[in-house]
1. Looking at region 501-511, which of its residues are within 15 Å of Gln459 (Cα to Cα) and either charged (D, E, K, R) or open to solvent by 10 Å² or more (accessible area, probe 1.4 Å) (or both)?
2. Looking only at region 373-393, filter to residues that are of a type in the set (D, E, K, R) and over 18 Å from the mean Cα position of the chain (by Cα); which one of those is modelled with the lowest pLDDT?
3. What do you reckon, is Lys312 open to solvent by 10 Å² or more (accessible area, probe 1.4 Å), closer than 22 Å to Gly395 by Cβ and more than 33 Å from the chain's Cα centre (by Cα)?
4. Could you count how many residues in region 328-351 are over 34 Å from the mean Cα position of the chain (by Cα) and more than 16 Å from Ser255 (Cα to Cα)?
5. Which residues, counting only those in region 224-239, are closer than 18 Å to Ser282 by Cβ, open to solvent by 20 Å² or more (accessible area, probe 1.4 Å) and touching a helix residue (DSSP H, G or I) at 6+ places or on another chain (Cβ under 8 Å)?
6. Tell me, which residue of region 158-186 that is free of Cβ contacts under 8 Å to residues at least 60 places away in the same chain and not in a helix (DSSP H, G or I) is surrounded by the most Cβ atoms within 10 Å (Cβ to Cβ)?
7. Go through region 78-105 and count every residue that is open to solvent by less than 20 Å² (accessible area, probe 1.4 Å) and not small (Gly, Ala, Ser).
8. Take Ile172 and tell me if it is hydrophobic (A, V, I, L, M, F, W, C) and either touching a Ser or Thr at 6+ places or on another chain (Cβ under 8 Å) or closer than 22 Å to Arg460 by Cβ (or both).
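The values are calculated or read from the model by the stated rules, or taken from the named source; none is laboratory data. Fair warning: this is a prediction, and the values are worked out from it, not measured in the lab. Please note: Cβ atoms are built from the backbone with ideal geometry, for glycine as well, and neighbour counts cover all protein chains shown. Accessible surface areas use protein heavy atoms only, side chains included; no ligands, DNA or RNA. Shrake-Rupley method; radii C 1.70, N 1.55, O 1.52, S 1.80 Å.
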Amino acid sequence: MDHKNDYNNIDMYRTESKTGTFNSKQESLNNWGKVSPSKSYCSSSSTSTENVVSTLERDKAIASNVNVPNRPDDPQLLSGEKIIGQSRDVTYLCPYYGPARGILTVTNYKLNFCSVDKSPSVDVPLGVVSRIEKVGGASSRGENAYGIEIFCKDMRNLRFAHKQENHSRRDIFEKLQQYAFPLSHKLKLFGFDYNEKFSENGWNVYEPIAELKRMGVNNDMWKITKLNEHYEICDSYPAVWAVPTQATDEDLKASACFRSRGRIPVLSWIHPEFQATITRCSQPLVGVSGKRCREDERYIQLIMDANAQSHKIFIMDARPSANAIANKAKGGGYESEDAYQNAELVFLDIHNIHVMRESLRKLKELCYPNIDESKWLSGIESTYWLKHIKCILAGAVRIADKVENLKTSVLVHCSDGWDRTAQLTALAMLMLDPYYRTLKGFEVLIEKEWLSFGHKFQQRIGHGDDHHSDADRSPVFLQFIDCVWQITQQFPNAFQFNDYFLITILDHLYSCRFGTFLCNSERERMQERLKEQTVSLWSFVNSQLDLYKNPLYWANNHQNILIPIASIRHIKLWKAYYCRWNPSMRTQDPVYHRIRELLSYKEQLENGVMNYQKEQQCRIMRTTVSPA
C-alpha cells in the first residue's frame, strides 16, 4: 500500500490561489470582526524550505489508504474512522478568502468542511481542538451572526456560521464536544480505533538496552540496572537505567527518597572517548531547613568519579535562581556546594511552564489571523518567545561545551526533571552525537529523553479533555522542536531530516491518531497497552522516509560536534510552522519538488562516484597483476 499521499492535516486554504490574493467576499464578514489582508513578508523568489509545507499540503487531498466515501460530498476516511454528524448548510468564515458555503462533517477523528463553490476547504483532527464556543443566539441579527467558533492548539481558529432556525448548530456542537474531548465524555481517543497497517512497526525503533550498548554501557564505570522494572522506585522513570557501577541498590533507593518524585540522577549520554556524562534528575528536597542526604551526596560523587578526565562536576539547574530559592519554601531547592564537594552549581534562567504558555498565547495572537506589518518586529519581541528559545538553546550549549571541551560530567535538573530538563539533555545530546541527527536517531532521542523519562504529554497537551485553561498545559515539547529547527538553520548539512519531518511530529503531537504521544509516562503506556492497541507515529513516518529527507545532508561530515550560536541575532521565528495558515506568509517556489529532484540527483552522483571508484580499483588490480 502506498502511503505517500496520506497526510493528516489537509490545507485549510486553496493553494491554487496566489500568495497575497484575497477573495472579494471578505468584506461581507460581519459581527465576528472585519479583517484586512496582511502583506507578504516572503519573497516570491525565496528558496527557503518554508514552502515545503504548503506544497505538501496541496498534495494531501488524495490519499491512497482511506475508505471510499458513501456519497460524493463525504470526506475520505482513515482506517477506523467513521462519520458521526453532518450539517449541510454551513458557512465557513475564512479570515482570508471570505465566507464560503458548504457541508460540515464531524467524524470520530476530524472536522471536515467541504465547500460547494470551490472556496477554501478545511480538514482538522479533533485532537488539535482546544475549546469550542457558541457564537450568537436565536435572536442574533445579521448574516453569519449565529454559529460556532473553534480554537485550535496549532495557532489557528475556525469560525462556522449556521442557519438560525431549528437550532441547526446543536447537533454538530454536541458531536464536536463529544469527540474533540472524548476522555471528558468517557470515550476513548481515536488512536485506539485507528488500525492501519504499515510495513514497519515503529514501536521497535527504541530499545533501551540496545541504545545504552550503542553508547558503550555496560563498561567499567557504568552498569545497566532494572531496579525500577516494576516502577516502584520512581513511577515516572523508565524500567531500565544506567547508573555508576559502584552504586548499590541502597544508594539508589536513598537518593530516590531525597529527590522530587523519586527522580534520581541516571545516565542520559556518555562521551565515547573520555567518559564525561550527561545525567538527569529532579531537584533535591532540601527545604528551608537545608536538609542533607549522605547517600545522595555519595551518589553524585560516584557519577563524578566515573569520569577519570575530571575531578569536578557541573550541576546545571534550569531554573532562574529566584525560582529555585522559592522552591525551598515548598520543600524543594537546590544543591549546596558545601554539601556536594567538587560540584559547581549553575542556574540557566529558563522560566517555568506558565510563563511559556503565556508567551505562546501572545505569539498566536500576533500570527493569526492577521499580521500587522508596522508592528511585526516589535510584536515578536513583546511575546518573548524568541528570548525563551534563546535561553533554552544557550543552556544546552553550555552543557555540550562542558562535556566536550572541559571533559567534565554534567548533572541537569529543573524542579521535577520532566520539562526543562528534557529540553536541555535532548538538545545537548543532539549537538554532541551525530546519530541523533539522523531520522531514526532523532526518533530514538524523542523516545528516550521525552517519552521514557516521563515528560507529561497528556497533561501538557491536554489530549482528549476539555480543560483548556488547565495550568498544567504548556508548549514544552514545541519549544524543543523549535530549538532543533534553529540548529538545522545554522548547520543545514548536518541533519538527515528536513523541517517537514519536524512539522509532521508536531501535527501528530496533537492529532491523537497515533499512540506515541499519549499518556504521561512509560508506566502508564504499559498499563494502557499502547503498543498492542495503537499505531506508532514512527510506523507512519518510516514507511515514507523520502518525504522527510534533507537533500543537503552530508553523512560523512567530519563536524561531529555542533555548537550553535545562541544569540538573539541568530534566532528567528519559524514562519513555516507558526505562520503557515496565513497564505500571505508563504513563498511561491515549489521547494518540495526541488528537494525531490535534488535527492534524485544526489543519488545519481553518489552512484557515479561508486562506479568510478570500482573502475579505478579494477585498473589498479590489472596493473598490479600484468606488468607494463
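1. Tyr510, the sole residue that qualifies.
2. Applying the filter and picking the extreme gives Glu373.
3. Judged against the criteria, Lys312 is a match.
4. 4
5. Passing the criteria: Leu227, Tyr231, Ile233, Asp235.
6. Taking the candidates together, the pick is Gln164.
7. 14
8. Here the answer is yes, as Ile172 does meet what is asked.
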